[in-house]
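This report refers to the structure that appears directly beneath it.
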Amino acid sequence: MTAVWIGGDVRAAAISRRTLGPAAARAIAGQASMADALAVLANSPYSREIRPGQTLRSAQHAIAAATLWNVRVLAGWVPAVGVPMMRILAGWWEIANIESQLRNDVAPPRQPYFRLGDLAVGWTRLATATSATQLCERLAATRWGRPDDESPRTIGLTLRTSLLQWASTALPASRDWVGGAAALLLARERAGGNVSLARRPARALASLLGGQALAAAALPDLVGGLPRSARWPFLDPVAPDELWRAECRWWSRVEADGRALLRTGEFGPLPVVGAVAVLAADAWRVRAALVAAANGERGVAEFDALA
């Protein structure tokens, strides 16, 4: 496309190698304890925030934080025109911060926040909110917009569906990723017995998936009403308690697509998107491997089913 992307594309190829891959992740899953798993991670691309004695929760946070750091480094190499795209790619971490902020008021110990820097959409304004009411007021003054009510569920759904809408219009090569993610989000709501959604997330999902899927209350009807671009994670019949299989298929596709984007051979945003996809998929797998290590032999079997 244009030479201004050369630096970002070269950096994307290098950063995409800061991963462990399936075999090394399984080796972590097979460790005898969390301590042993942390010792392995201390000599890995995720070592930046790994510390001895971390709990499962804090170690998973460290994996995600290390991935965000790589995304921020990559963002420093993309041209100015690519910064809005990078904010969308970093949106998950901001949503995680906002949801942690809501939990921290009622579920100590406090969950640390991810450091977003210039990739924040509205976090600088939101970080000091002290209640759900104040948070929603401040969200109204950001691109996120005001949720329909102040419940954590509505806030989370509003943020996620907003991010998916942004990605669908501004993130190259994301059509099927967005469709599959939106379908998984709606399927999990239905599996949890949530038949009605707040107005904003319902409208966003209808625009991404169509009215037929949104109107379906049962999972088979929902999947049958999906457009092709969103149905692909559900290739096999999926029971409500086995949506994790569809999620695994989603991540596998994102990782494979990401590696293909890294090999496009053209300068532009696609290799950058591909690198972030590969980083995120690897982090998801390593976080799952930590769960397996914490659960012992049963966890290894579960990890093998996931992988």
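Could you please give the count of residues in the range 192-218 that are of a type in the set (A, V, I, L, M), modelled with pLDDT under 90 and farther than 18 Å from residue 148 by Cα?
Total satisfying the criteria: 2.
Residues checked against (1) open to solvent by 40 Å² or more (accessible area, probe 1.4 Å); (2) in contact with an Asp or Glu (Cβ under 8 Å, 6 or more places away or on another chain); (3) not acidic (Asp, Glu):
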residue	(1), (2), (3)
102	no, no, yes
141	yes, no, yes
145	no, no, yes
154	no, yes, yes
161	no, no, yes
164	no, no, yes
169	yes, no, yes
175	yes, no, yes
Qualifying residue in the range 101-108 (condition: of a type outside the set (Phe, Trp, Tyr) and modelled with pLDDT of 95 or more): no
Check every one of the helices (runs of 4 or more DSSP H) wholly within the range 165-231 and list those with 1 or more residues that are closer than 22 Å to residue 254 by Cα and in contact with a helix residue (DSSP H, G or I) (Cβ under 6 Å, 6 or more places away or on another chain). 175-191, 199-209, 219-224, 228-231
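Working carefully through the options 210, 192, 224, find the one that is open to solvent by 20 Å² or more (accessible area, probe 1.4 Å) and either at positive phi or of a type in the set (Lys, Arg) (or both). Full working, then the answer.
Values: 192 fails: either at positive phi or of a type in the set (Lys, Arg) (or both); 224 fails: either at positive phi or of a type in the set (Lys, Arg) (or both).
Only one candidate passes the filter, namely 210.
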Just checking, does the range 272-282 include any residue being open to solvent by 10 Å² or more (accessible area, probe 1.4 Å), touching a residue at least 40 places away in the same chain (Cβ under 8 Å) and over 13 Å from residue 177 (Cβ atoms)? no
Options 112, 45: the member that is open to solvent by 10 Å² or more (accessible area, probe 1.4 Å), modelled with pLDDT of 95 or more, over 26 Å from residue 182 (Cα atoms) and assigned to a loop (DSSP other than H, G, I, E, B): 45
Condition test on residue 54, is it part of a helix (DSSP H, G or I), within 25 Å of residue 295 (Cβ to Cβ), open to solvent by 10 Å² or more (accessible area, probe 1.4 Å) and touching a Leu at 6+ places or on another chain (Cβ under 8 Å)? no
Between a first residue in the range 239-261 that is surrounded by fewer than 19 Cβ atoms within 10 Å (Cβ to Cβ) and a second residue that is of a type in the set (S, T, N, Q), which pairs have beta carbons less than 9 Å apart while being 6 or more apart in sequence or on different chains? 259/16
Within the range 137-164, the residues that are closer than 15 Å to residue 202 by Cβ and either among the charged types (D, E, K, R) or not in a helix (DSSP H, G or I) (or both) are 145, 147, 148, 149, 151, 153, 160
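The values are calculated or read from the model by the stated rules, or taken from the named source; none is laboratory data. Given the structure is predicted, the values throughout are model-derived calculations rather than measurements. Don't worry about glycine lacking a Cβ; one is built from the backbone with ideal geometry, like all the others, and counts go over all protein chains shown. The accessibility values were calculated without ligands, DNA or RNA, using every heavy atom of the protein model including side chains. Shrake-Rupley method; radii C 1.70, N 1.55, O 1.52, S 1.80 Å.
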